[in-house]
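Taking it in order: structure first as structure tokens, then the write-up.
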Amino acid sequence: MAPLPRPSTRILDAGEKGLPVGAAGRTVADFLAAGPRLADLWTPLLVVDDGALDANIAFLAEWVAARGLELMPHGKTTMAPQLWQRQLDAGATGITVANPAQLRVAADAGIPAIMLANQLSQPEVVRWTADLVGAGTRVWSWVDDTRAIDLIERALGDAPAAPLEVLVDVGRPGGRTGARSFADAVAVAERAAASPAVRLAGVTGYEGSVAHGRGDDALASARAYIGELLAVHDAIAHLYDDRDVVVSAGGSAYPDVVGKAFAAASVAGDRARFVLRSGAYVVHDHGYYRRNSPFEGAGLRAAARGLARVVSRRDAETAIVDAGKRDFPFDEGLPVPLYAISAEGARMPLPGAEMTKLSDQHGFVRVSPDSRLRIGDLVVFGLSHPCTMFDKWCLIPVVESLDDATFDPETAVVTDLIETRF
């Protein structure tokens, strides 16, 4: 596979959303060397705070390490190898991806250890994955059904050069993927242990599919689920070989619940590698994870903002901005107006302002009838749900800081462009 161009050598063209006309025909490196100001870019924009990224990455790396655990952050949140590398440099032991296309991006980026949080089912993908493993990349995939092992055997034959490492996916009725009972999970493990095409390498699951919110019932459900996961791990321990074993769970809503249970198992002498997969923490947000992360206000802060310009004020209580569903996430809450900067450079608070609707390319912001917002003013938005934030952008500008008290697009220099590969 031919490697994709690295961001610094990518030649920019006229279709790069948000970049000014003068960027076309230049490499990313040349564009950045000129020290462009954020004000030079065109709205709408998604902008990332470099200092917040670093702080978020360092915080969770230290939190996980202090408990003797590992982190393989979910790369599907950003699909940005530049950020994956920063996470690895901070101590992550691998990257998680959600499907074979993302696995290919991670392999092309040179990620040495990749968890595929999904079940292999297509023969061509099975054979490609085996070739990838044979070339030295370590890959763990999930399995929740003995038929999946049948398909892998059929694709690889009786004596594959590189058996695939699989983790038994533990689920619940009505959940997402995963074996639906303790007995089913054990049966999948027994089938995997007996197969020449795969290696039983541990257990896995996702507590976020069985618990929602931070209420007492949700936390109890998450704890009970992790207990079930660990019970399956204990029950199939005699089926493991003498190589390393992985026990994995932990998204971005319940890392505290998972971390506590995993740390206790590790201290008790379990030889497994206990791995969290939190991904959204790297960006955090002003909505879903602000409400649901245990680390809000205690280590994480929102690292992204949306910038949009007022393009219409024909109704007294509505300002129309030039950003819509193609630009900002909306599945877990609409963007939150934080403040505005007038076309003349004055900072304006927006008391009571609320985004009420997004169409494809426009946003509807309800304001007070006496609001001073005018056409040409810039509105800064907090955003919700990192997992549907980056996928709308191929290149995302980075500035040193987006501190809400001091941010000024006229002086903020674009220091990097994050390339996404969705």
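Odds and ends about this structure:
- All of Arg313, Arg290, Arg243 fail the test of being assigned to a strand (DSSP E or B) and of a type in the set (Lys, Arg), apart from Arg313.
Conditions (1) under 23 Å from Gly68 (Cβ atoms); (2) modelled with pLDDT of 95 or more, marked per residue:
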{"residue": "Ala194", "(1), (2)": "no, yes"}
{"residue": "Arg199", "(1), (2)": "no, yes"}
{"residue": "Gly205", "(1), (2)": "yes, yes"}
{"residue": "His212", "(1), (2)": "no, no"}
{"residue": "Ile226", "(1), (2)": "yes, yes"}
{"residue": "His238", "(1), (2)": "no, yes"}
{"residue": "Val247", "(1), (2)": "yes, yes"}
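- Qualifying residues in segment 33-43 (those that are part of a loop (DSSP other than H, G, I, E, B) and among the aliphatic types (A, V, I, L, M)) - the one surrounded by the fewest Cβ atoms within 10 Å (Cβ to Cβ): Ala34
- Single match in Val311, Val258, Val321 (criterion: surrounded by fewer than 23 Cβ atoms within 10 Å (Cβ to Cβ) and either under 30 Å from Asp377 (Cβ atoms) or in the same structural domain as Ile95 (by TED's automatic domain parsing) (or both)): Val311
- Yes/no for Gly306 being at pLDDT 95 or above and either assigned to a helix (DSSP H, G or I) or surrounded by 17 or more Cβ atoms within 10 Å (Cβ to Cβ) (or both): yes
- Filter result (closer than 13 Å to Val198 by Cα and surrounded by fewer than 22 Cβ atoms within 10 Å (Cβ to Cβ)) within segment 111-124: Gln119
- Taking the numbered list (1) assigned to a loop (DSSP other than H, G, I, E, B); (2) touching a His at 6+ places or on another chain (Cβ under 7 Å) in turn, Gly25 passes all entries but (2).
- Filter result for the condition that a residue is under 18 Å from the mean Cα position of the chain (by Cα), of a type in the set (D, E, K, R), surrounded by fewer than 22 Cβ atoms within 10 Å (Cβ to Cβ) and assigned to a helix (DSSP H, G or I), over Arg127, Arg147, Arg104, Arg154: Arg104
- Unique match (being under 30 Å from Pro409 (Cα atoms) and of a type in the set (A, V, I, L, M, F, W, C)) among Leu60, Leu88: Leu60
- Given (1) in contact (Cβ under 8 Å) with a residue 60 or more places away in the chain; (2) buried (at least 23 other Cβ atoms within 10 Å of the Cβ), index of the condition Ser293 fails: (1)
- Residue selected from segment 69-86 under the condition crowded, with 24+ Cβ neighbours inside 10 Å and of a type in the set (S, T, N, Q), by the criterion farthest from Trp393 (Cα to Cα): Thr77
- Residues (at negative phi, surrounded by 14 or more Cβ atoms within 10 Å (Cβ to Cβ), in a loop (DSSP other than H, G, I, E, B) and not charged (D, E, K, R)) located in segment 5-19: Leu12, Leu19
- Residues that are within 28 Å of Ile57 (Cα to Cα) and buried (at least 21 other Cβ atoms within 10 Å of the Cβ) are absent from segment 173-188.
- The C-beta contact set for segment 117-140 (first residue β-branched (Val, Ile, Thr), second residue loosely packed, with under 15 Cβ neighbours inside 10 Å and at pLDDT 95 or above, distance under 7 angstrom, 6+ apart or interchain) comprises Thr137/Pro112.
- Verdict on Asp30 being in a helix (DSSP H, G or I), modelled with pLDDT of 95 or more and over 24 Å from the mean Cα position of the chain (by Cα): yes
- Hits in segment 246-287 (condition: among the aliphatic types (A, V, I, L, M) and part of a loop (DSSP other than H, G, I, E, B)): Ala253, Ala268, Ala272, Val283
- Filtered by the rule that a residue be crowded, with 19+ Cβ neighbours inside 10 Å and on the phi > 0 side of the Ramachandran plot, segment 261-284 gives a lone residue, His284.
- Checking each residue in segment 215-270 for being under 19 Å from Ala192 (Cβ atoms) and of a type in the set (Val, Ile, Thr) picks out Val232, Ile236, Val245, Val246, Val247.
The values are calculated or read from the model by the stated rules, or taken from the named source; none is laboratory data. For clarity, every value in this text was computed on a predicted model and none was experimentally measured. For neighbour counting, all protein chains shown are included, and Cβ atoms are generated from backbone atoms with ideal geometry for every residue, glycine included.
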